[in-house]
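Let me begin by presenting the structure, written as structure tokens, before commenting on it.
The values are calculated or read from the model by the stated rules, or taken from the named source; none is laboratory data. Computed from a prediction, not measured in an experiment: that's the story for all the values here. As a convention, Cβ positions derive from the backbone with ideal geometry for all residues, glycine included, and neighbour counts pool all protein chains shown.
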Amino acid sequence: MTIRALEKISVGQNGIGSFILQCKRLDIHYCDHSGSSRGMNAFIKTHLAKFAQTHPAIEFAVSPRPRKHPVMIGHYINGRQKSICVANMEPSQILKKAELLRDASGDKVKRVNKPVTSVNESVRGIWSPYHGNGMAV
Amino acid sequence: MSRSLLRSLLELRAPSTSRPAAQFRLPVRSLSTTPLRRNSPTPRNATAPSSIPTNPAEAASLATESRSQIPQAAEALYPRIPQQVNPPTSESRATIAQLLPLLRTQPAHYLTAHIWGRPYLVTAGDQIRLPFKMPGVVPGDVLRLDRASTLGSRDFTLKGSPYIDERLFECRATVLGTETEPMRIKIKTKRRQRRNKQVRSKHHFTILRISEVSINGPEAVSL
Amino acid sequence: MAGKGARGLTEALRSLTLSTQSCGQVSSRLPSTFSRSMATEATLPRATSNLTTTSMTTPWRPSPSVPVTVYDFQSYEPQRLEEWSSKHLHLPMRRDILHLAVIFEGDNTRQGSANSKTRYEVHGSHKKLYRQKGLGRARVGSKQSPLRRGGGKTFGPKPRDFGTGLNRKVYDLAWRTALSYRYRRGELVVCEDGMELELPQEIAAMVEQGQLRDQALVDGFKAKWARQVLDSHEWGRAHGRSTFITTEWRENLFDAMDLVPNYGMALDIEDVDVKDLLTTGRLVVEREALAEMIQRHQSDLCSKVFINGVRPSPPETGKVIVE
Amino acid sequence: MRRISRLGKPSGARLAPTARPLAPLCTPRAAATRPSPTPAAVTINTLRFYSSRQPEPLPASLTSGGKSAAAAPESVEELAAEELEVQQFDHQSQQRVFVPPPRPSVAERADTITDTLYTPATTAEGLESIGGLGSWWDDPAHWPETSDFVGFKPKHKVQEPALLEAAVRRALTETLVMKQLGQEEQLTGIWGLQGKAQHDAVLALDIRVDSDGTATVTGDLHAVADGLVVKDGEPNVDSADVLPSAAEALAWKQQADQSWKGTSLQDARLKFAVIKRVMQLTGQVVPDQKLADIATARGLLATLSKPPKPKTFSQEIETKKQDLVALPNVAFSPKRVTRGHKDQALGRYKLIEAEFRKRDLQDGPLSVPKSREKKHWNGEA
């Protein structure tokens, strides 16, 4: 008997019943000695404490990565990661990148043609030639 | 704010022509569309006229989940501009009183919400990717969309000219976050010029989830 | 130069008067911040320019000399306090001059022995491989053409001299700037002359009596003893290695430092250059070696021109203040 | 332009066979004639004061034990000469501080052994390995703790501010005592260190400072003065048992008056003596460039108690950014977080380690530096 997947009954729609922030963890790596990490070090010294305080839902892991460029890696609920190299950036720029990682949802970046995406059926039904009053000739 | 004013004036001059079945019209004039926000980080202080008193208490009472008071900064960025409601004509008053309850009883409803002047035909649970990054909102904020041009169900449609009275319906959207598009590279060249310039663009867009669309009875406008 | 100096002084004066008005009460604290120590004969006084009195008119001037403590190498006990000229050990930091000097030294130590054969040096016959026309193949000359495999290298490397030149006065200034940089960071330790790592007498006696025959054992002892001495002085690996500079070869010190390279290195004056002054955590210099280095590198301070028969003397340095 | 730096004197001699007579290791202290004509010659006891102190006599078992193992049947008279020489060295009442290895004994040739029970070993297993001389000096028996190097600075550096204040106060008092008793040239010499009692005695004297910063000491000056004289043969005492404990220093600091901090250190001799004594008591060295800025005792205390700048950013976070590290949702690690740490957090590392051990691969610490990892792949130790 072939194995058949369980049919999905409901579609997860974040934001309806309750909203769950998609970013669950933010790894922040810096380097003690390399010059490209100067901005990141200043960001950790000035902005990070406040940013971490305002986002208790996100887990922050700060650790050095010697001899490497500083990088911020966002881990998301769908298991994917987004990493942004913040080498030679100013602390204000790095804060923007941190907000970008917080706002992102972890999905792949794709082109979207129509602004509205829906899983509900059409409210007024789909026209079909075999039903309704037919066409006046 | 000024840009949206211009667009809504345009709409006033060209009333919609199609006459779908069983419609009724509500003469409502409005100046602009204002999503009402719940909580927000400290956005930049916009130049919106803050003279118009907003009534957060009333909005908060409607909101189901208990959120912190709307910070002053958000007020400055998104002031709630009430609609100028013309007194309904006797004919529209009659149709509303009679047909609106029928519309409410139908199972599914759709709504053409206008956000910053642009229409989005949505039902409850849809996701909108706005063509811009909305400043001053944080994922998790709830917006109250109070400008809608049509509201309908399977057999009935309520059309506003240009907008429906905001007291007739409630539509809330949650900000999910921001998404971005794949990097688009435009190569700009001139003839007989070997050198070409690459212009990269990768915009960010805010994502909303329509969490709730509900219609109030005619008593909302005391008919 | 003089014009610029005067203008600089007036600006300093204006900023001096400005800051006194702005900071309201002229407390006694002010003189200590503005004054630098003017080391004179008896004490280590500082120019007590009390702002309230006439000294308002005498602008602040950097002190002409800086204090240097001379330590005993073995025990790190301060022996005496000397006063060296600011022109030698207190020059302003000039990264560009240091860079010039280090690159200049680097260039001149390049061996530049890269070599490759051109088509004229590749071994083999110079016969034309096949005739010019008629074979339908590309025309070819000798086997050593750079286009062919096994052929010569077109513009390959040839042994050449990468050495560059640098003005002697600039190089001397770089040398003293390096010393000043170390002094200002507290990484210049001046020791008594005859800097030698003395091993305890018992070991010397044992070696003479032949109880320590094995050279490895003696080296093992020297290495451990050197590590202990340097750790006790906080000059060792945990504190960023040090460079020992002496006037001539010192048997125990140089052997020990060869045995514990990650604790430091020992050089005599002939082998020291600006790069060595800047590499390790600190410089431990013999007083005599320091004086010699400065004496060799102060061509920009005392010119060679004899003015009415007398050659201008270099700034006087190394005067003892406290013994 | 720059020759290879270590050529120096031809060190070819070093490769000569060990028989080469080693140069006298401990050249008598180089006649370091000071360039400037200064009266104070190097006092003899400075030499004895430091590294070659009078050690406790070695336990008999050690000294004799070394001899019995070397029962080599070399030619008897040569051995006897050797023994004589060693005894003669001992008997010179120079107690043995460093124990040299015993004379190498040559094993008998297999065919000349008369013992019938002896069967030559064919494999190494079962034989006792006595190891080479490589780590001879690491054994505390051969290089006892007491004969380690001792310098002018104490073994442990004092960092606590209260202790530093007590030490500066004591150094200042002692210097003023010496100055008032007119022993000018002793000012820059070395002063002795007794036990804790001396510390309390010195702190008992009180210092009166007048407006322009000159201070005078009142109290039993002579008792303190002769406490400072260096008595030969008295062991160098570590700062731990010279200075009081941090708690006592804190208690003293609370109730002590602070007026003595106003004493001016303008006089170079006075400043030099105070700084030298502070260095002897606490091991804190005042770098030269800071000497000029120290005008009063308060300045000296500030220079000493200012903690050194953290070397790396990680240390800075640990010391100065506790508000970030203490947040519930922030985890900070001063070291690199590797795959192994993540497995350890999941509890999976135990299994990985078991697998390593099963394949007898390296199962050492989590983050192994690349150089050591390379060594493991190349099969080196």
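The figures follow:
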item: Odd one out for D:Tyr118 among (1) within 39 Å of the chain's Cα centre (by Cα); (2) surrounded by 10 or more Cβ atoms within 10 Å (Cβ to Cβ); (3) away from chain C (no Cβ under 14 Å); result: (1)
item: Unmet criterion (only one of (1) within 23 Å of D:Lys155 (Cβ to Cβ); (2) more than 7 Å from chain D (Cβ to nearest Cβ); (3) crowded, with 19+ Cβ neighbours inside 10 Å; (4) hydrophobic (A, V, I, L, M, F, W, C)) for C:Leu188; result: (1)
item: Qualifying residue in the range C:150-160 (condition: within 14 Å of chain D (Cβ to nearest Cβ) and within 30 Å of C:Asp273 (Cβ to Cβ)); result: no
item: Residues that are closer than 16 Å to B:Gly117 by Cβ and within 14 Å of chain A (Cβ to nearest Cβ), drawn from the range B:149-170; result: B:Thr150
item: Subset of the range D:277-321 (residues that are of a type in the set (A, V, I, L, M, F, W, C), within 19 Å of C:Gln79 (Cβ to Cβ) and more than 22 Å from the chain's Cα centre (by Cα)); result: D:Leu291
item: Residues located in the range D:109-148, provided they are assigned to a loop (DSSP other than H, G, I, E, B) and within 22 Å of C:Ile203 (Cα to Cα); result: D:Gly132, D:Leu133, D:Gly134, D:Ser135, D:Asp139, D:Pro140, D:Ala141, D:His142, D:Trp143, D:Pro144, D:Asp148
item: Matching entry among C:Asp96, C:Asp161, C:Asp107, C:Asp193 (being in contact with a Ser or Thr (Cβ under 6 Å, 6 or more places away or on another chain) and either farther than 30 Å from C:Thr247 by Cβ or crowded, with 16+ Cβ neighbours inside 10 Å (or both)); result: C:Asp107
item: Search result, residues across the range D:149-192 that are within 21 Å of D:Ala297 (Cβ to Cβ), among the hydrophobic types (A, V, I, L, M, F, W, C) and part of a loop (DSSP other than H, G, I, E, B); result: D:Val158, D:Leu181, D:Trp191
item: Only listed residue being within 14 Å of chain C (Cβ to nearest Cβ) and either more than 30 Å from D:Asp267 (Cα to Cα) or at pLDDT below 90 (or both), chosen from D:Thr338, D:Thr303, D:Thr319, D:Thr312; result: D:Thr312
item: Any chance B:Gln127 is at negative phi, among the polar types (S, T, N, Q) and at pLDDT below 95; result: no
item: All positions within the range C:86-124 that are within 14 Å of chain D (Cβ to nearest Cβ) and farther than 24 Å from C:Pro315 by Cβ; result: C:Val102, C:Ile103, C:Phe104, C:Glu105, C:Gly106, C:Asp107, C:Asn108, C:Thr109, C:Arg110, C:Gln111, C:Gly112
item: Any pair with Cβ under 8 angstrom, 6 or more apart, that starts in the range C:309-323 at a residue that is within 30 Å of D:Leu270 (Cβ to Cβ) and ends at one that is aromatic (Phe, Trp, Tyr) and surrounded by 13 or more Cβ atoms within 10 Å (Cβ to Cβ); result: C:Thr317/C:Trp84; C:Gly318/C:Trp84; C:Val322/D:Phe272
item: Among (1) under 30 Å from D:Thr188 (Cβ atoms); (2) within 12 Å of another protein chain (Cβ to nearest Cβ), the one test that C:Val284 misses; result: (2)
item: Test for B:Pro119: is it within 30 Å of A:Gly132 (Cα to Cα) and within 12 Å of chain A (Cβ to nearest Cβ); result: yes
item: Tabulated pairs, the range D:135-153, first surrounded by 14 or more Cβ atoms within 10 Å (Cβ to Cβ), second among the polar types (S, T, N, Q) and assigned to a loop (DSSP other than H, G, I, E, B), C-beta under 6 angstrom, 6+ apart or interchain; result: D:Phe149/D:Ser51; D:Val150/D:Ser51; D:Val150/D:Asn236; D:Gly151/C:Ser75; D:Phe152/C:Ser75
item: Test set (1) aliphatic (A, V, I, L, M); (2) assigned to a loop (DSSP other than H, G, I, E, B); (3) surrounded by 15 or more Cβ atoms within 10 Å (Cβ to Cβ) - C:Leu135 fails condition number; result: (3)
item: Total residues in the range A:50-89, condition farther than 19 Å from D:Val325 by Cα and among the aromatic types (Phe, Trp, Tyr); result: 1
item: Output for the range D:281-297, where each listed residue is touching a residue at least 12 places away in the same chain (Cβ under 8 Å) and either in a loop (DSSP other than H, G, I, E, B) or within 8 Å of another protein chain (Cβ to nearest Cβ) (or both); result: D:Gly283, D:Gln284, D:Val285, D:Val286, D:Lys290, D:Leu291, D:Ile294, D:Ala295
item: Of the criteria (1) out of contact with any Leu (no Cβ under 9 Å at 6 or more places or on another chain); (2) buried (at least 16 other Cβ atoms within 10 Å of the Cβ); (3) of a type in the set (Lys, Arg), which one D:Arg269 fails; result: (1)
item: Residue match in the range A:96-108 (condition: within 30 Å of A:Gly39 (Cβ to Cβ), at the interface with chain B (Cβ under 9 Å from one of its Cβ atoms) and at pLDDT below 95); result: yes
item: Residue tally, condition assigned to a loop (DSSP other than H, G, I, E, B) and more than 7 Å from chain D (Cβ to nearest Cβ), over the range C:205-226; result: 1
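Table: residues versus (1) in a loop (DSSP other than H, G, I, E, B); (2) of a type in the set (A, V, I, L, M, F, W, C); (3) closer than 30 Å to C:Ser142 by Cα; (4) modelled with pLDDT of 60 or more.
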residue: C:Ala39; (1), (2), (3), (4): yes, yes, no, no
residue: C:Ala42; (1), (2), (3), (4): yes, yes, no, no
residue: C:Thr48; (1), (2), (3), (4): yes, no, no, no
residue: C:Gly106; (1), (2), (3), (4): no, no, no, yes
residue: C:Arg110; (1), (2), (3), (4): yes, no, no, yes
residue: C:Ser125; (1), (2), (3), (4): yes, no, yes, yes
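Matching residues to (1) of a type in the set (S, T, N, Q); (2) out of contact with any Asp or Glu (no Cβ under 9 Å at 6 or more places or on another chain); (3) within 11 Å of chain D (Cβ to nearest Cβ); (4) in a helix (DSSP H, G or I):
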| position | (1), (2), (3), (4) |
| --- | --- |
| C:Ser232 | yes, no, yes, yes |
| C:Phe244 | no, no, no, no |
| C:Trp249 | no, no, yes, no |
| C:Phe254 | no, no, yes, yes |
| C:Met257 | no, yes, yes, yes |
| C:Asn262 | yes, yes, no, yes |
| C:Ala266 | no, no, yes, no |
| C:Leu277 | no, yes, no, yes |
